[in-house]
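The values are calculated or read from the model by the stated rules, or taken from the named source; none is laboratory data. Computed from a prediction, not measured in an experiment: that's the story for all the values here. Cβ coordinates were reconstructed from backbone atoms using ideal geometry, including for glycine residues, and neighbour counts include every protein chain displayed. What goes into the accessible areas is simple: the full protein's heavy atoms, side chains included, and nothing from ligands, DNA or RNA. Shrake-Rupley method; radii C 1.70, N 1.55, O 1.52, S 1.80 Å.
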Amino acid sequence: MSKTKVLGVLGGMGPAATLDFLTKVQAYTPAKTDQDHLRVLVDINPQVPDRNDVFAKPGPVLAEMALGLRSSGAQVLAIACNTAHAYGDLVSRASGLPLIDMISTAATAARDTGAKRAGVLGTKQAIKLYREYIAAQGMSLVTLPSDQQEAFMALLYRIKGGDTGPEARAAMAELAQVLVAEGAEAIIAGCTEVPLVLAKDDVRKPLLDAGDLLARRCVNVCLGLEPAPTVDA
């Protein structure tokens, strides 16, 4: 696969979610030998400032990571974190490399289910991003009520702390059902920790794993099965 593109991954937000994403990239790559797999360069950096802290400044750190990946040979980038896509334009401009956008990928997949209303399990910042992309696909966005959104954030940090047991799984499934009750016809796992505790069988509507969709698209772009995104000047 000498003509394939080298994938650079900005990760560590959080580490377990990044490893899950890399597993999916490997699983979607059609390979019979080691040499058939993609070359993937990964910066697992848990020191990126909290993307949910309004006073934090993760942008410069993400830009530096992207530059490091480029200098190591990356030709196309992916960010294994939904919320960090708020800085996607900065990452792409700083590195000069195309970024395969997780948010737009998931929003397009939600449209393709035939849903008119898409629910998102994600941080407030991620939901802001999804709102724009989902509207562009002609759909409306369904979000958790404010108290349930706070419960989601508390659960998210529990998962980041390593709690992926039955209670966490039941709590996430309950939040997904709240979105269904609010009218969601498809659910986007809009945080890369969500699939660590939520499976398709846990939800009565189509469940779209944004990280899984991104992994599949990264493989397609790196193999030349679809064009790489353009880089804005």
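Assorted remarks:
- The set of residues from the range 113-126 being of a type in the set (A, V, I, L, M) and either open to solvent by 20 Å² or more (accessible area, probe 1.4 Å) or over 21 Å from residue 204 (Cα atoms) (or both) comprises just one member, 126.
- Scoring residue 54 on the criteria (1) under 24 Å from residue 224 (Cβ atoms); (2) open to solvent by 60 Å² or more (accessible area, probe 1.4 Å); (3) outside any helix (DSSP H, G or I); (4) of a type outside the set (Gly, Ala, Ser) leaves a single failure, condition (1).
- Index of the failed condition, residue 43 passing every other in (1) assigned to a helix (DSSP H, G or I); (2) among the charged types (D, E, K, R); (3) under 17 Å from residue 214 (Cβ atoms): (1)
- Condition broken by residue 36, with the remaining ones in (1) more than 30 Å from residue 202 (Cα to Cα); (2) open to solvent by less than 30 Å² (accessible area, probe 1.4 Å) satisfied: (2)
- Among the criteria (1) touching a Gly at 6+ places or on another chain (Cβ under 9 Å); (2) of a type in the set (A, V, I, L, M); (3) open to solvent by less than 10 Å² (accessible area, probe 1.4 Å); (4) part of a loop (DSSP other than H, G, I, E, B), the one residue 97 does not fulfil is (3).
Residue-wise test of (1) more than 24 Å from residue 66 (Cβ to Cβ); (2) among the hydroxyl-bearing types (Ser, Thr, Tyr).
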{"residue": "149", "(1), (2)": "yes, no"}
{"residue": "161", "(1), (2)": "yes, no"}
{"residue": "189", "(1), (2)": "yes, no"}
{"residue": "205", "(1), (2)": "yes, no"}
{"residue": "215", "(1), (2)": "no, no"}
{"residue": "224", "(1), (2)": "no, no"}
{"residue": "230", "(1), (2)": "no, yes"}
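- Pairing each residue of the range 87-111 that is under 11 Å from residue 230 (Cα atoms) with any residue that is open to solvent by 20 Å² or more (accessible area, probe 1.4 Å) and assigned to a loop (DSSP other than H, G, I, E, B), provided the two are 6+ apart or on different chains, yields C-beta distances under 6 Å for 92/231; 98/228; 98/229; 98/231.
- Inside the range 102-112, residues that are exposed (fewer than 15 other Cβ atoms within 10 Å of the Cβ) and within 21 Å of residue 178 (Cβ to Cβ) make up a count of 0.
- Those residues of the range 81-94 which are closer than 17 Å to residue 130 by Cβ and either under 13 Å from the mean Cα position of the chain (by Cα) or buried (at least 22 other Cβ atoms within 10 Å of the Cβ) (or both), in sequence order: 81, 82, 83, 84, 85, 86, 87, 88
- Residue in the range 60-68 that is touching a Gly at 6+ places or on another chain (Cβ under 8 Å), open to solvent by 30 Å² or more (accessible area, probe 1.4 Å) and closer than 25 Å to residue 216 by Cβ present: no
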